[in-house]
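Undergrad: Sending over a structure as structure tokens; questions will come in a sec.
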Amino acid sequence: MNLRKKLFGDRAFYKMVLTVAVPIMIQNGITNFVGLLDNIMVGRVGTEQMSGIAIVNQLLLVFNLSIFGAISGAGIFCAQFFGCGDQKGVRHTFRFKLYICLLLLLSGVLILAVFGKNLILMYLHGEGQESSLTAALQYGQEYLWIMLVGLLPFVMEQIYTGTLRECGETMVPMKAGVIAVLVNLVLNWLLIFGSLGFPKLGVAGAAIATVISRYVQAVIVMIWTHRHSERMPFIAGVYKSIGIPGGLVGNILRKGTPLMINEVLWSAGMAMLMQCYSVRGLSVVAALNISTTISNVFNVVFIAMGSAISIIVGQLLGAGKMDEARETDIRLIAFSVFSCFGIGTILIICAPLFPMMYNTTLEVKTLAADFIRIAALCMPLAAFMHASYFTLRSGGKTVVTFLFDSVFLWCVSIPLAYVLSRFTGMPIVPLYLCCQLVDIIKCIIGFILVKKGVWINNLVDTKS
């Protein structure tokens, strides 16, 4: 009975959790679902087009997560400032996000514009497939140049949305996300296939649709925030001054820099993992693209629960409610893991159906189904790792999360994938499974760290 009370909350608890998590789930779910439809539309055009876009999106993921890491570093303080009612502190953290993200934007555009072609070439392997590899490179470059135009609105939307969520406002980002993905979906249909008299642009049409939808989303979130300063007091006068207290900057950099570096290294590590798998041929790249896109639709539950942990637990820590933060965190982790057991089961059953929607080879479809099954099998592990990561992050243990996340990836997962892919004859499916199951070690480490309570810290003393 005690264990049950420890792991499960009452109806009021789950109502509170779902109030925070469901809007994030809906926004991410719709975004990933439209991403799936986008992927299917491009996949109907051809394997080379799909593979070119998949490679570029893997590269853009590094930029996207570097932005996420920078925002999250300041977001730890933002959630705790909001928890103790310090709107001035929230305003300063917003400014910090703006400065650091614009710096990353300039760096990211420069790197992708100069080195984009060489980065894409790293993923193109396969004997006797020269024409297909050349086509994939061409489509990838075409897609990348257009997507660079959409990085600015993406950055601004992330800054505003992250701050709104940390201040307890999850509905507005959700609504903006829903509108944006619907715009993206309609424009995809019009521009990829040339429907209703629009030009048939293929890969370029997919990129244009994404860029336009990002501007729509950013404009909605920014306008709402500035028009509702009574609900979001931090935004009042946020651009009238450029100042941030030096002490706060130092604290954010000490706690946030490891987090940002972690996100960059983690996303770069995921790109490196895909590069390891890609040496087995273009079919593997296409199959992984399909499986990842499908899995992302189902992963929204534990992704949203991670955000909920960051917000709810962070606010409790900021308010000095340490015991309640510990109890709440245990129940949030349990809810995330148990939910993913059910979702993973459904995904395993449906795995063979999804690849049939793509206009690609039987080999790609078979590999994709196998990769989806593996992702579904490992979903509860991913849920626990994700929840543990956000728990540690909510208390400012960003150096620990760096070791837990990126260091493990680069020191264990990537060397394992590199050796197995290049120096053994192991088939790609069991190879992929081995590389996923090694994360069991991370689950054990995460369990120990969370149980010890090393993350229970108040970072924003109201007396200072």
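Undergrad: Please report the carbon-and-sulfur percent of the accessible area for the stretch 391-464; probe 1.4 Å, protein heavy atoms only, DNA, RNA and ligands left out. Don't skip to the end; give the middle numbers.
TA: Values: 2540 of 3610 Å².
On the stretch 391-464, the fraction of accessible area on carbon and sulfur atoms equals 70 percent.
Undergrad: Expected output is a single nm value to one decimal: the length gained when fully extending between VAL186 and THR345, i.e. 0.36 nm times separation in residues minus the C-alpha distance. What is it? Don't jump to the answer; show the numbers that get you there.
TA: Numbers: separation 159, 0.36 × 159 = 57.24 nm, distance 3.18 nm.
In short, 54.1 nm is gained.
Undergrad: Tell me the net charge near VAL429. Cut-off is 14 Å between Cβ atoms, VAL429 excluded, with +1 for each Lys or Arg and -1 for each Asp or Glu. It would help to have the intermediate numbers written out before the result.
TA: Values: positive: ARG280, LYS365, ARG373; negative: GLU363, ASP370.
Counting the neighbours of VAL429, the net charge comes to +1.
Undergrad: Given contacts defined as C-alpha pairs under 8 Å and at least six residues apart, what's the relative contact order of the chain, whole-number percent?
TA: On the way: 659 pairs, mean separation 111.3, N = 464.
Relative contact order comes out at 24 percent.
Undergrad: Of ASN188, ILE261, TYR239, which is farthest towards the positive pole of the chain's charge dipole, taken about the Cα centre with +1 and -1 on the beta-carbons of Lys, Arg and Asp, Glu respectively?
TA: TYR239
Undergrad: How large is the dipole of the chain about the Cα centre if only Lys and Arg carry +1 and Asp and Glu carry -1, each at its Cβ, rounded to the nearest 20 debye? Show your work: numbers first, answer last.
TA: Details: 33 positive and 21 negative charges, 229 e Å.
The calculation lands at about 1100 debye.
Undergrad: Continuing with the same structure: Which one, MET272, GLY318, SER336, is farthest towards the positive end of the dipole of the chain when Lys and Arg carry +1 and Asp and Glu -1 on their Cβ?
TA: Of the candidates, GLY318 comes out farthest on the positive side.
Undergrad: With a probe of 1.4 Å, find how much accessible area the chain has per residue, and write the answer as a whole number in Å².
TA: On the way: 19350 Å² over 464 residues.
Here the per-residue accessible area is 42 Å².
Undergrad: Just tell me which aspartates and glutamates come within less than 14 Å, Cα to Cα, of LYS442; anything on the same chain fewer than 8 places away is out.
TA: ASP405
Undergrad: Is there a pair in LYS15/LYS397; LYS255/LYS451; LYS6/LYS175; LYS15/LYS452 whose C-alpha atoms are over 23 Å apart, and which pairs would that be? It would help to have the intermediate numbers written out before the result.
TA: Details: LYS15/LYS397 28 Å; LYS255/LYS451 21 Å; LYS6/LYS175 34 Å; LYS15/LYS452 28 Å.
Correct reply: LYS15/LYS397; LYS6/LYS175; LYS15/LYS452.
Undergrad: 222 nm [θ] for the chain, helices only, -39500 (n - 2.57) per DSSP H run of 4+, per residue, to 500? Intermediate values should be presented prior to the final figure.
TA: On the way: 18 runs with 363 residues, N = 464.
Estimated from H runs of four or more residues: -27000 deg cm²/dmol.
Undergrad: Follow-up. List the longest stretch of the chain that has no exposed loop site; here a site is one of the trypsin sites (Lys or Arg not before Pro) assigned by DSSP to anything other than H, G, I, E or B, with at most 11 other Cβ within 10 Å. Mind dumping the intermediate values first?
TA: Values: sites that count: LYS240, LYS463.
The segment 1-239 is the longest one with no such site.
Undergrad: Still on this structure, I have one more. Which of the chymotrypsin sites (Phe, Trp or Tyr not before Pro) found in the stretch 237-328 are in a DSSP loop and have at most 14 neighbouring Cβ atoms, other than their own, within 10 Å?
TA: Working: sites: TYR239, TRP266, TYR277, PHE298, PHE302; in loops: TYR239.
Loop-located and lightly packed - TYR239.
Undergrad: Here's another thing I want to ask about it. Among [x] 23.8; [y] 22.1; [z] 41.4, which one is mean projected area of the Cα convex hull in nm² computed from these coordinates?
TA: Answer label, from the structure shown: [y].
Undergrad: I've got another one for you. Add +1 for every Lys or Arg and -1 for every Asp or Glu among the other residues with Cβ under 9 Å from the Cβ of TYR358, and state the total.
TA: Working: positive: ARG44, LYS365; negative: none.
Surrounding charge for TYR358 is +2.
Undergrad: Let's test the formula: R0 of 41 Å, r as the Cβ-Cβ distance of VAL454 and THR366. What FRET efficiency results, to the nearest 0.05?
TA: Details: r = 45 Å, r/R0 = 1.09.
Calculated value: 0.40.
Undergrad: Right, next: How far apart, in nm, are the 7 Å Cα→Cβ label points at ILE444 and LEU102?
TA: So the label points at ILE444 and LEU102 sit 4.8 nm apart.
Undergrad: Work through the residues other than SER406 whose Cβ is under 12 Å from its Cβ and net out their charges, Lys, Arg +1 and Asp, Glu -1.
TA: Value of the local net charge: -1.
Undergrad: A further question follows. What is the distance in Å between the Cα centres of the stretch 225-241 and the stretch 10-31?
TA: Between the Cα centres of the stretch 225-241 and the stretch 10-31 lies a distance of 26 Å.
Undergrad: Just how large is the dipole of the stretch 83-201 about the Cα centre, in debye to the nearest 20, putting +1 at every Lys and Arg Cβ and -1 at every Asp and Glu Cβ? Intermediate values should be presented prior to the final figure.
TA: On the way: 8 positive and 7 negative charges, 90 e Å.
Value, rounded to 20: 440 debye.
The values are calculated or read from the model by the stated rules, or taken from the named source; none is laboratory data. This one's a predicted model, so the numbers in the text were calculated from it and none came from an experiment. All Cβ positions, glycine included, derive from the backbone under ideal geometry; neighbour counts span all protein chains shown. Heads up: the accessible areas ignore ligands, DNA and RNA and are worked out on the full protein's heavy atoms, side chains in. Shrake-Rupley method; radii C 1.70, N 1.55, O 1.52, S 1.80 Å.
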